[in-house]
Amino acid sequence: MQALRQDFPILQRKINGYPLIYFDNAATTQKPRQVIDAITDYYMNHNGNVHRGVHTLSAEATDLYERGRECAVEFINAKSTHELIFTRGTTEAINLVAYSWGMQNLNRGDEVLVTLMEHHSNIVPWELIARSKGATIKYARVNGDGTLDYEDYESKITKNTKICCLSHVSNVTGVINDVKRVGKAAHDNGALMLVDGAQSVPHMKIDVQDLDMDFLAFSGHKMLGPTGIGALFGKEDILEKMPPFQGGGEMIREVSVAGGNCSVSYNELPYKFEAGTPDISGSVGLRAAIKYLEAAGMDKVLSHEKELTEYAAKRMKELQKVTVYGPSDVSKKCGIIPFAVKSMSSHDTALFFDNYGIMLRSGYHCAQPLHELFKLTSSARASFYLYNTKEEIDRFAEILGELEKL
Ligand SMILES: Cc1ncc(COP(=O)(O)O)c(C=O)c1O
């Protein structure tokens, strides 16, 4: 993986006189030259609006936009391009399901099951729709080490449960959830399964058919791609029955106001859910990112991150005033480590590291319920990706040692 570093121009940067160490990959990832070049090439040579024009540039832009979709479809092993809707990211993908599917399918007395480890993006859209439709949200418990309490989750699935929602990987602890097990429990009870893949799709091979997901949401910017593009995978028969989420542009087949009444018919999948001009260069960048990850090998990406996590956890254990949260068994998680330094706020910790060119996240990482459970107001978080190295972790541990001495 070391050789890949030269593909990332930003990794040459110095911050406060020190070489940049980027450990905030769960928030967003850095972009390789291949992604930057693909976007530049699109704007320099092919820019046009998609699906609407007969001229050369419109045809080229449409072709490039759709090639991005085909690439994403193959990456997650969806059955066809009808099942992959481009969104701005995970948040918009989950909102799409909550509003479109939820508006049609949730009623008074129905239940939505989420967990206490969810990112706010997999809680708040459900709370909003449930409040307007009179449905109830249930929260499955999380164990003290951040792993899911599966018995509690499964016991909370009832005949009223309409959809079960779960993050595949927690953005706070890096815990990997058994979405296949939970999906089976949901399906056995006639409920659907939505998986928040924001932290899994970038880091491991995902097969939506094997995992039997009904919906999967993910973000391009967390997997080497640009910001502003992400996707919702949905099984075709489910998407087919859902009403549009937003109106206008490509989602329309026909609009007529003849006779004073407006009649509207909608485009086929996936366009029914893509209103307005889409993020064309985003699709181009996402394709380049997926190609890059595939060339690196998703199995290698995951094993590299696990190795780094194990090494970092070992180095952090040597320190007296540092508490690491989440499971100690690294096989249950991937490359995210939340921690606290005694008597120091997470923001002060992150600022101290910033002095040495090390980028960490601090706060509650849009997962306040999990921090409430851990009785924390916030935590510092180091998160790794394919371009990080053991030498960077040594430097991180050295600075953490300095901080502890303060
Ligand atoms: C688990 C999880 N879900 C959802 C999101 C939201 O992703 P986005 O901001 O790209 O929509 C994030 C972002 O950190 C995340 O980690």
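A compact table of results
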| item | result |
| --- | --- |
| Burial ordering of 165, 366, fewest other beta-carbon atoms within 10 Å first | 366, 165 |
| At R0 = 56 Å, FRET efficiency that the Cβ-Cβ distance of residue 257 and residue 149 yields, to 0.05 | 0.55 |
| Cα gyration tensor category, rounded, prolate or oblate, for the chain with a/c compared to 1.5 | oblate |
| Cα shape, the range 324-406, gyration tensor, a/c 1.5 rule | oblate |
| Theoretical gain in end-to-end length, residue 188 to residue 16 [0.36 nm per residue, Cα-Cα removed] | 56.4 nm |
| Given charges at beta-carbon only (K, R positive; D, E negative), |dipole| of the range 35-294 in Debye | 560 |
| Per-pair calculated FRET efficiency, R0 = 45 Å: residue 328 and residue 227 via Cβ, rounded to 0.05 | 0.85 |
| Which of 173, 29 has the fewest Cβ neighbours within 10 Å, and the rest in rising order | 29, 173 |
| Span from the the range 79-154 Cα centroid across to the the range 339-363 one, whole angstrom | 31 |
| Förster radius 51 Å - calculated FRET efficiency between residue 317 and residue 56, Cβ distance, rounded to 0.05 | 0.25 |
| Cα centroid separation - the range 385-403 against the range 275-298, whole Å | 30 |
| Of the chymotrypsin sites (Phe, Trp or Tyr not before Pro) in the range 239-306, those whose Cβ has at most 14 other Cβ within 10 Å and which sit in DSSP loop | none |
| Euclidean distance of C-alpha centroids, the range 1-56 and the range 199-263, integer Å | 24 |
| Within the range 278-318, GluC sites (Glu not before Pro) in DSSP loop having at most 14 other beta-carbon neighbours inside 10 Å | 318 |
| Table column - 3J(HN,Hα) (Hz), the range 280-293, Karplus curve with 6.51, -1.76, 1.60, x for Gly and Pro | 5, 5, x, 5, 4, x, 5, 4, 4, 5, 5, 4, 5, 5 |
| Relative contact order of the range 174-290, pairs being alpha-carbon contacts under 8 Å that are 6 or more residues apart, as % | 20 |
| Relative contact order of the range 277-406, pairs being alpha-carbon contacts under 8 Å that are 6 or more residues apart, as % | 27 |
| CD proxy at 222 nm, helix term only [per DSSP H run n ≥ 4: -39500 (n - 2.57); per residue of the chain; nearest 500] | -10500 deg cm²/dmol |
| Label zone at residue 295 (point 7 Å along Cα-to-Cβ), backbone N below 16 Å, the range 26-59 | 31-41 |
| Sequence-distant aspartates and glutamates (8 or more away, or on other chains) whose Cα lies within less than 14 Å of residue 133 | 110, 111 |
| Normalised contact order of the chain, rounded percent, pairs of Cα under 8 Å and 6 or more residues apart | 23 |
| Ascending count of other beta-carbon atoms within 10 Å, so fewest first, for 233, 339 | 339, 233 |
| Filter on 79/184; 14/332; 205/314 - keep pairs with C-alpha separation over 31 Å | 14/332 |
| Computed label-point distance, nm, for sites residue 27 and residue 406 using a 7 Å Cα→Cβ extension | 1.7 |
| Overall form of the range 39-82 per C-alpha gyration tensor (a/c, 1.5; a/b vs b/c) | oblate |
| Considering only the chain, percent of DSSP beta bridges that pair antiparallel, nearest 5 | 60 |
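No lab work stands behind these numbers, since they all come straight from the coordinates. Given the structure is predicted, the values throughout are model-derived calculations rather than measurements. Cβ sites come from the backbone with ideal geometry, for glycine too, and all protein chains shown count toward neighbours.
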